[in-house]
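To start, the structure itself, in structure tokens.
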Amino acid sequence: MADNDNQAFKTGDFVVYPAHGVGKIEGVLTQKIGGMEVTLYDISFEKDRLRLKVPLFKAKEAGLRKVASRNKLDTALETLGGRSRVRKIMWSRRAQEYETKINSGDPVLIAEVLRDLKRDDEDSEQSYSERQIYDSALERLAREVAASRKVTEKTAISTIEKSMGITSSDKDEKVAA
């Protein structure tokens, strides 16, 4: 496929599908669909126990991309240390914007969600829905950092939390409370 030469993924490559995060190319296969031979990427998302087949000619349109470069992830980690920019709008609208950023697959936008939902003071607690969105963003960014830097997801989470100024003692205090 000459029109899709920038999507040269091979078996074993880690890729990012915006709506699902980091997956692994399990193979390239051909199937007959509607009487046509279609070549597909077979992608597995192990953590979610999900398997996705994306036609090669639709990969770019679907947003399938390689794992972000170290520079892009460094920019995302720098974003985490920035000042929160929470807009003064209804929570439902903000939650929708956060979900859109997470599902964009862009590590910098995901980092913005984490930065904006991080709580600085001990007095303010997150609502259940804030915590769900925060955890979703953390997991999505951690998987990409882990795949890019070839570390465990736990190590990636530690790196992200360090960039946000969260220490392990902060987490221990919240768990004990």
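Where a number appears in this text, it was derived from the coordinates with a stated rule and is not lab data. Everything numeric in this text was worked out from a predicted model, so none of it was measured. Using ideal geometry, Cβ is built from the backbone for each residue, glycine included, and neighbour counts are taken over all protein chains shown.
Structure notes:
- Multiplying the residue separation of THR39 and ASN71 by 0.36 nm and subtracting their alpha-carbon distance yields 8.3 nm.
- Per-residue HN-Hα couplings for segment 55-60 [Karplus 6.51, -1.76, 1.60; θ = phi - 60°; Hz; x = Gly/Pro]: x, 3, 6, 9, 4, 5
- Here TYR41, TYR128 are placed in order of increasing Cβ neighbour count within 10 Å, fewest first, which gives TYR128, TYR41.
- Chain lengthening between SER127 and ARG149 when straightened (0.36 nm per residue, less Cα-Cα): 4.7 nm
- Here the residues SER158, SER163, ranked from fewest to most Cβ neighbours within 10 Å of their Cβ, fall in the order SER158, SER163.
- Per DSSP, loop GluC sites (Glu not before Pro) in segment 68-152 with at most 14 further Cβ within 10 Å: GLU122, GLU125
- Inverse mean reciprocal Cα-Cα distance (Kirkwood Rh) of segment 2-66, Å: 11.9
- In summary, the convex hull built on the alpha carbon positions of the chain has an orientation-averaged projected area of 12.1 nm².
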